[in-house]
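Here's the structure we're looking at; comments come further down.
We did not get these values from a lab; they are worked out from the coordinates using the rules stated. These figures come from a predicted structure and were not determined experimentally. Backbone-built Cβ (ideal geometry, glycine too); neighbour counts: all protein chains shown.
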Amino acid sequence: MTDSLTDRVADCGTEGDRGTGDGAAPRTADDRSAVRTTEDWPAARTARRSSGFDAARRLRTLTGADEELLARVRYERSKYTALGGVVLGTSVIAAFSMWNFATQAIGRVSPMALVPTAIWMLFVLNLDRWLVTPQPNTRQRLGPVLMRLLIALMLGAVIAEPLVLRIFQTAVEQYVADERTDANDRLRTNLVRCNPVPSTARSATPEGCDRTYVLSFGGTPGERAEELTAVRSDAAELQRRVDRDTSRLEAIDSEVRDECRRLIRTAATGLYQRTSECLRLRDTARDYRATHRTDENEKRLAGMDSRISKIEAEQTVSRGAFLKARAESIEGRLADERAKQKEIGVLERMRALDRLAAGNPVLFVGIWLVRLLFVLLDVLPVLVKYLSGESAYDRMLTSASNSAVKIHEEEVRLAERRSMANLEIAQSTIEQEVRRHRAESEAGSREHTAAMNIRVRQAVNTLEDEIRRSATV
């Protein structure tokens, strides 16, 4: 549409310049040079196109400028060439931003990141080209300009964030690493606190421990703790009894020894023998041992001590196994947690950057300055375009567009008139055809009526002749 429009405007301008009637003022040398420039312009344009690769022209293509119309204002070519360079630079920055975003999302440098990088670069390139493409009558409408600035601002904010994360990558990664280490240490502490060595078979869960931190074990040292406590209690009670009986028995034995050292002479035989008190005390000691079962209690106490030693040994082994199983379970949980923390994601980086900025005003200002810088760079094409003022090219484009609209309206009206005329001609032709067929039909009807009348008259005349002949006879 723009090419055909500019061709028509150029043709009209050239024909107007060529027309020098009798009443026209004579052309000056400058006018003749201007005419020659306009007339020679298509040839020059064709020569430029056939000259090979033109970097400046390619850059101007990124601005959406019409080369045919721009050729009339050659001094503005440099402006649109520079604007094309800005658009290309913005797309390169956007590609670098997407490359950083993709590699951070994947967690490593990968050739797969080239796919979204290329797509994003082309998208931003075409979007910026659309934003800076000259539009006719745009200066008269503030809404489209504000809308394009808003789109450019949002696009710049999206592009700036990965670049900011890239600049502060070292601090962000260190913060995330420290945060993960602290989280693992807290997890280890909670797992140890919530899974103590059980002292009984049914140990209560420590306060503040939920199912997240409570581990399950096949066996615990607390399973025989109650048995060990009971055996120790019985052994202590029996030890007190044995000690009491032993003390009493030792006192009796001491009396027996003291009494049995004394010997008395028997009057009848004259021999020495032990006293009756010695015999009584021996019987008393024998009865005390039999009644209080001191030997049996000592054997029983020895068995209890052996059993206690065995249970304690088993408890030591069970405690060691429990501690080993708990350490393995904790390491497994920590390994699972570390597996979830393989790579630092984009959201985690953004959260870490915000936390770093929240505690450091200098860093906060620096981060926002970098963000605003990249946003400004991404909005720069639109700012350069719409804040540089209306150029001669824009005015020519508006004039050409308005002229094209008028020409199109006239062409539409002409086509409408031509169509209406064709319809009227077709309708007139049809009406004439109808009248002709109707006249032919009427003429045929009259001919048929005349022929019938003639035949009737002939039949009447024949009948009259027959009647006359028969009357004559």
Debye log10 I(q)/I(0) for the stretch 52-198, one point scatterer per Cα, at q = 0.19 Å⁻¹
-1.14
Rank LEU383, ALA321, MET396 by how far each Cα sits towards the positive end of the charge dipole of the stretch 309-431 (+1 on Lys, Arg Cβ; -1 on Asp, Glu Cβ) and give me just the farthest.
ALA321
What the Cα atoms of the stretch 385-473 span along the principal axes, largest first and in whole Å, is 128, 13, 7
The ratio Rg/Rh over the Cα atoms of the stretch 281-410, Rh being the Kirkwood inverse mean 1/r radius, stands at 1.77
For each of ILE93, ILE330, count neighbouring Cβ atoms within 10 Å of the residue's Cβ, then give the residues from fewest to most.
ILE330, ILE93
Straight-line reach from LYS340: which lysines fall under 29 Å, measuring Cα to Cα and dropping same-chain residues less than 8 apart?
LYS324
Could you tell me the center-to-center distance, by alpha carbons, between the stretch 82-119 and the stretch 389-447 in angstrom?
55 Å
Set Lys and Arg Cβ to +1 and Asp and Glu Cβ to -1, take the dipole of the stretch 314-473 about its Cα centre, and tell me which of ASN461, THR472, GLY444 lies farthest positive.
GLY444
Students often forget the sequence filter, so: which lysines lie under 26 Å Cα-Cα from LYS299 once same-chain residues fewer than 8 apart are removed?
LYS310
Along each principal axis, Cα extent of the stretch 372-415, largest first, Å
55, 19, 8
